[in-house]
Amino acid sequence: MDDMTVVAEPLTLSSRLEKDLKEAAKLMSTAEVRFLCDVYGDIQKFRIASTLRGRKLQEQSMPCAVTVGFAQQTRVLENRIKHAMDIWSSAQPAGAWMKSIYGIGPVISSGVMAHIDFAHHEGAFPTASSVWAHAGLRPGQRRERGKKIDFSPSFKRLCFLMGECFVKVSGYEADFYGKLYVQRKAYEQDKNERLEYREQAESILKAKDFGKDTIARQWYEAGKLPPGHIHQRAMRYAVKMFLSHAWAVMYELKFQKTAPNVWVIDHGHHTDKVAIPNWPM
């Protein structure tokens, strides 16, 4: 018999890292989550650009192995970040609710929770409208040269992606906020046809330099908002409703009491309160 000792095969570096990352993902700070959300968006853009570029080079029968390889490796990193977000959001009670909403995945749910950070005191986000302002969704909020912005560009970008998700899933039966988008779009289109946005159209026409032959100019000159503008208004409505509900869920979980009604219901002459879907769970 040979004098040999059987030694168990050690964990590979990648498997050790995978295990460590899973444990570390549960303990991420909100600042780290916000950073990873930004990185995820940048990586996703790079992966899409690399994929399209590689495809174009292939069509031209040109070498593209490096570009395609970068796209493939970027996809791996993208999925790892998404997986870490999934672990972190699942560890948060509010995350379970957000991911129960059709169209909301681990990245958006994690980003929303990381930005609506009560920071251990009730005064951080006292109202849903304060969350809208943080996301740059308050009327009149925009970047102006030489002035400090009063919202989070990262949160605003995340909300835009959220709105696009709602639009994409609006035709599915299980969807909720996408259907709000569709209903709101019909409402906005009706007001637009009745020229209720005439003053706004005239104001935009004066403030911006549109080409004489542009389609947008034709709409504004007719006293109406272009279809793209109506689409954005309806999408923002659905996003703001989701943020209101997300804030209310997080408020209730954090402070163990029901959140105050959102501004649009208490002071906006609205008579209907939209119930939070899937809540309580």
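The values are calculated or read from the model by the stated rules, or taken from the named source; none is laboratory data. Please read these numbers as outputs of a predicted model, since none were measured by experiment. A quick note on method: Cβ atoms are made from the backbone with ideal geometry, for glycine too, and the neighbour counts reach across all protein chains shown.
The listed residues are Thr30, Thr51, and the only one of them that is of a type in the set (S, T, N, Q) and either closer than 17 Å to Ser90 by Cβ or modelled with pLDDT under 80 (or both) turns out to be Thr30.
Here Phe118 passes the criteria (1) part of a helix (DSSP H, G or I); (2) among the hydrophobic types (A, V, I, L, M, F, W, C); (3) touching a residue at least 24 places away in the same chain (Cβ under 8 Å) except the one numbered (1).
Restricted to segment 129-154, and to residues there that are touching a residue at least 40 places away in the same chain (Cβ under 8 Å) and under 16 Å from the mean Cα position of the chain (by Cα), the residue that is farthest from His245 (Cα to Cα) is Ser154.
Starting from residues that are without any contact (Cβ under 8 Å) to a residue 12 or more places away in the chain and of a type outside the set (Gly, Ala, Ser), keep the ones in segment 166-186 and report whichever is farthest from Gly105 (Cα to Cα). If we take residues in segment 166-186 being without any contact (Cβ under 8 Å) to a residue 12 or more places away in the chain and of a type outside the set (Gly, Ala, Ser), then Gln183 is farthest from Gly105 (Cα to Cα).
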